[in-house]
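K.L.:
Here's a structure for you.
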Amino acid sequence: MSRRAGVSPDEAREGVRAELSTLRDAVSDGEFRHVISQLPRDFEALVGAPG
């Protein structure tokens, strides 16, 4: 993802973390858990989502 965006891996990780945090604030807990469940486990770790 970082290569595609032309940023460092750390910058890409922070961007994804910000996007997921914004999503978490915008939807219900159930909707957020549903979205996170559709993504690889690495994404859970970015936002501390329950498994």
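A short reminder: the numbers here are calculations on the coordinates, not readings from a lab. Keep in mind that this is a model prediction, so the values were computed, not measured. Using ideal geometry, Cβ is built from the backbone for each residue, glycine included, and neighbour counts are taken over all protein chains shown.
K.L.:
Between helix 9-26 and the chain, what is the angle of the helix's C-alpha long axis to the longest principal axis, kept within 0 to 90° and rounded to the nearest 10?
P.N.:
30 degrees
K.L.:
Treat the chain as a sphere of radius equal to its Kirkwood radius over Cα pairs and apply Stokes-Einstein at 4 °C in a medium of 1.567 mPa s; give the translational diffusion coefficient in µm²/s, rounded to a whole number.
P.N.:
On the way: Rh = 11.4 Å.
It comes out at roughly 114 µm²/s.
K.L.:
Modelling each spin label as a point 7 Å along the Cα-to-Cβ direction, I'd like the R4/L23 distance in nm, to one decimal.
P.N.:
1.3 nm
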